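For reference, the structure is listed below as structure tokens.
The values are calculated or read from the model by the stated rules, or taken from the named source; none is laboratory data. Nothing here was measured: the structure is a model prediction, and the numbers come from that model. Here the Cβ positions follow ideal geometry from the backbone for every residue, glycine too, while neighbour counts run over all protein chains shown.
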Amino acid sequence: MRERGQITLVTGGARSGKSALAERLVARHALPRIYLATAEPRDGEMTDRIQQHQRSRGEGWRTIETPLDLAGALRATDGQGVRLVDCLTLWMSNCEGRADVEGLVETLRQQSCPVVLVTNELGQGIVPANALARRFRDDHGRMNQAVAHMADQVWMAVSGLPLRLKPSREDPDDPI
């Protein structure tokens, strides 16, 4: 049986420093770097954001655009280096309610090379006013929980600072 590659999830709010933290975690690996981009440049503002991300990460990255078939891109690039998925939130949005989270988690379990995934923490704000937005928030929270549960490491970016959530030094199920 082959050894599974390390799976790391990085979460946080908008402009919290998630992507920069994820890039730092990728840089710890002495492997080629592959950026699996889920964003689509649907307007000028998003195009600017994508270009800013490209400039900030610099040279030495191979970029693969995968707005929908994330599991397929992970399978196709396994064995080629460490992958940075940015981000699960956009991937889920792109899938318009048809994101195969179970398939993604199963694919992550089968990876032989490391994967660092970026996601947003959506459930800390107000309850959305419409049912579609509430359903997306809830589905997204369940996705984050599923990936975090199987991940070896989970980090949260808060105001540009890294906070390690998993593995933690304390188990909440341990007796006091």
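Looking at region 31-45 only, could you name the residues that are part of a loop (DSSP other than H, G, I, E, B), closer than 18 Å to V115 by Cα and within 17 Å of the chain's Cα centre (by Cα)?
T38, A39
Yes/no matrix, rows are residues, columns are (1) under 20 Å from L122 (Cβ atoms); (2) of a type outside the set (K, R); (3) touching a strand residue (DSSP E or B) at 6+ places or on another chain (Cβ under 9 Å); (4) part of a loop (DSSP other than H, G, I, E, B):
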site: T8; (1), (2), (3), (4): yes, yes, yes, no
site: T11; (1), (2), (3), (4): yes, yes, yes, no
site: S16; (1), (2), (3), (4): yes, yes, yes, yes
site: L21; (1), (2), (3), (4): yes, yes, yes, no
site: H29; (1), (2), (3), (4): no, yes, yes, yes
site: T47; (1), (2), (3), (4): no, yes, no, no
site: Q54; (1), (2), (3), (4): no, yes, yes, no
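Can you tell me how many residues in region 125-176 are over 15 Å from the mean Cα position of the chain (by Cα), on the phi < 0 side of the Ramachandran plot and small (G, A, S)?
5
Just to be sure I understand, how many residues within region 115-150 are in a helix (DSSP H, G or I) and either surrounded by 13 or more Cβ atoms within 10 Å (Cβ to Cβ) or out of contact with any helix residue (DSSP H, G or I) (no Cβ under 8 Å at 6 or more places or on another chain) (or both)?
The total comes to 19.
Output the qualifying pairs, or none if there are none: Cβ atoms under 6 angstrom, residues six or more apart or on different chains, first residue in region 125-146 and among the hydrophobic types (A, V, I, L, M, F, W, C), second residue modelled with pLDDT of 95 or more.
Between residues of region 125-146 that are among the hydrophobic types (A, V, I, L, M, F, W, C) and residues that are modelled with pLDDT of 95 or more, the close pairs are M143/V101; A146/V101; A146/V105.
Please specify each residue of region 56-83 satisfying the condition of being within 16 Å of the chain's Cα centre (by Cα), of a type in the set (A, V, I, L, M, F, W, C) and not in a helix (DSSP H, G or I).
I64, L68, V82
Within region 1-49, take every residue that is at positive phi and either acidic (D, E) or at pLDDT 95 or above (or both) and give me the one that is surrounded by the fewest Cβ atoms within 10 Å (Cβ to Cβ).
Looking at the filtered set, the residue picked out is G17.
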